[in-house]
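Just so you know, all these numbers are worked out from the coordinates, no wet-lab data involved. In this text, all values refer to a predicted model and were calculated from it rather than measured experimentally. As a convention, Cβ positions derive from the backbone with ideal geometry for all residues, glycine included, and neighbour counts pool all protein chains shown.
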Amino acid sequence: MFKDLKKALADIKNLEVHYNHVLKDYTSFKIGGKADIFAIPKSRAALVALLQLVQDYKTPFFLLGKGSNVIIGDRGYRGLVIYTGELKDVIIKGNIIEAEAGISLAALANKALAAGLSGLEFASGIPGSLGGALFMNAGAYGSEMKDVVKEATLLDYTGKEYNYSKEDLKLSYRHSILQEKPLIALSVTMELQPGNKEAIKAKMLDLNRRRKEKQPLEWPSAGSIFKRPPGYYAGPLIEEAGLKGLRVGDAQISEKHAGFIINLGNATAADVLELVRLVQDKVYQEKGIKLELEPRFIGEF
Ligand SMILES: Cc1cc2nc3c(=O)[nH]c(=O)nc-3n(C[C@H](O)[C@H](O)[C@H](O)COP(=O)(O)OP(=O)(O)OC[C@H]3O[C@@H](n4cnc5c(N)ncnc54)[C@H](O)[C@@H]3O)c2cc1C
């Protein structure tokens, strides 16, 4: 069966395939074991063919964007990881941008800047892909994907294509329809506003400077480890509970921003999980507030 699958994978055009592939280099946390199969579709057709094969062979799979909001288990992933990073075409017509899901938000924001379009400045420092940003309705500094998304082309797990309007996408705080249904973002259409290039650039630089000042960007992390509890911010709650700097193995509550867990070098997913539980317990004891994880936990721990 595995031999047949291997052969079928080799027959798909524009598909790069690796076996027993280390995942940590594809995550911002630099944590995670190996995937049995790691595939990189280089065209939409290759992604669709891959999904059809996954159905035929009943292979578990997981879609990976820039890996900036996942914590992958130390024992890796049993099945297929599909990396979207090579699907990154962009078409700009007037103030409408249609981009494939694998493009990084930084590259996308730079394309908008070059076209003199405003609205994506907030996204230029978020280290994710467009697909991951739609999945999470990523946001920062008072703006979020919801403000710019017009519609998206999605695939179901058999590779069938659908057009979803902004309303259908159900974008709300760190949430979208992609978290409710088995759907994959193939491309996203955004509506921006004509703007002054110098002003767009200045705003991007200013937001990224503020990000650098506040966040421990010098260390690998998965960004904010907890969602914002209603009415509070996770960082100050953790700081007030006296947990700044707390460490399990090489996983540490950042001294610079208590809402981040950083990897000091060789942190494992198990270290992160233990630290997360310590923080959740202490904050609950002291404040009566339940902190919920923001990143997705993937694979075997
Ligand atoms: C230093 C740092 C700062 C950050 N700052 C912010 C911030 O300011 N605001 C914010 O909102 N987030 C922030 N994040 C979190 C993260 O960057 C965002 O959530 C981002 O949108 C995740 O995109 P990704 O491509 O890395 O997703 P991944 O981590 O690769 O995947 C996350 C989830 O999205 C799914 N997914 C990915 N691509 C697709 C697709 N094409 N179709 C369907 N599902 C898909 C995955 O299966 C997974 O479940 C930060 C992270 C870091 C490390």
Fill in the blank from the handout: Once amide hydrogens are built 1.01 Å from N within the peptide plane, the residues lying 5 or more places from Leu186 or on another chain with amide H under 5 Å from its amide H are Thr153, Leu154, Leu155
Problem - the stretch 2-83, Rg to Rh (Cα coordinates; Rh as Kirkwood inverse mean 1/r) - result: 0.96
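Students often check this: by mean Cβ neighbours within 10 Å, which of 227-238, 248-259 ranks highest, and how do the rest follow?
248-259, 227-238
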Completion exercise
Label model pair Leu205, Leu293: point-to-point distance (7 angstrom along the Cα→beta-carbon line) in nm is 4.0
Completion exercise
antiparallel share of DSSP beta bridges within the stretch 44-124, to nearest 5, in %, is 50
Handout entry: Inter-probe distance in nm under a simple model that places probes 7 Å from Cα toward Cβ, at Ile96 and Leu278
Key = 5.3
Problem - Antiparallel bridges, percent of DSSP beta bridges restricted to the chain (to nearest 5) - result: 80
Problem - Cα shape, the chain, gyration tensor, a/c 1.5 rule - result: oblate
Completion exercise
Checked the stretch 118-190 against the a/c 1.5 cut and the a/b vs b/c comparison, axes a ≥ b ≥ c from its Cα gyration tensor; verdict prolate
Exercise for the section: Work out, in µm²/s and without decimals, the Stokes-Einstein translational diffusion coefficient of the stretch 62-165 at 4 °C, 1.567 mPa s, Rh from Kirkwood over C-alpha pairs. Expected result: 89
